[in-house]
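Asks: Questions regarding the structure given below will be posed in turn.
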Amino acid sequence: MALIVRKCNCHMGRGQKKQYRGQLKTAMKKYGLNLTQPEDSVAQRAIWRQLCHQGVRSHEEERKGRRTKKRLKQG
C-alpha cells in the first residue's frame, strides 16, 4: 500500500509564512529605516513618523520607476 502525499499549492515554492515581526523587519529594511536601534527613533514620535513617510515615499518612487521601465520594454 503506497502513501500518497499531496502538497498544498498555497505556499508552493515560497517557504513558510512570516510572522508579524519578520514582516515588520522586512518592511523596515525595504523602506530604509534604521534597524540597529529602532527604540531611539520611536521615542521621538515626530522624527519616527517623518522617517517612515520618507522611506515609504522613496520606495514608492523606485517601484513606480521599475514598473515604468518594464512597461517601456514590453511595448
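Asks: Across region 59-75, what is the number of residues that are assigned to a helix (DSSP H, G or I) and among the small types (Gly, Ala, Ser)? Talk me through it step by step, then tell me what you get.
Replies: Taking region 59-75 as the starting set, the residues that turn out to be assigned to a helix (DSSP H, G or I) are 59-74.
Restricting the remaining residues to those that are among the small types (Gly, Ala, Ser) gives 65.
The number of residues fulfilling the criteria is 1.
Asks: Looking at this structure, is Ser58 out of contact with any Lys or Arg (no Cβ under 8 Å at 6 or more places or on another chain), at pLDDT 85 or above and not acidic (Asp, Glu)?
Replies: Considered against the rule, which asks whether it is out of contact with any Lys or Arg (no Cβ under 8 Å at 6 or more places or on another chain), at pLDDT 85 or above and not acidic (Asp, Glu), Ser58 comes out as yes.
Asks: Mind checking which residues of region 1-18 are modelled with pLDDT of 75 or more and surrounded by 10 or more Cβ atoms within 10 Å (Cβ to Cβ)?
Replies: Result: Lys18, single match.
Asks: Let me ask another. Residue check: is Arg21 within 15 Å of the chain's Cα centre (by Cα) and surrounded by 11 or more Cβ atoms within 10 Å (Cβ to Cβ)?
Replies: no
Asks: Just the residues that are of a type in the set (S, T, N, Q) and at pLDDT 85 or above, please, taken from region 27-55.
Replies: Selection gives Gln50, Gln54.
The values are calculated or read from the model by the stated rules, or taken from the named source; none is laboratory data. Computed from a predicted model, the values in this text were never measured in an experiment. Cβ: placed from backbone, ideal geometry, glycine included. Neighbour counts: every protein chain shown.
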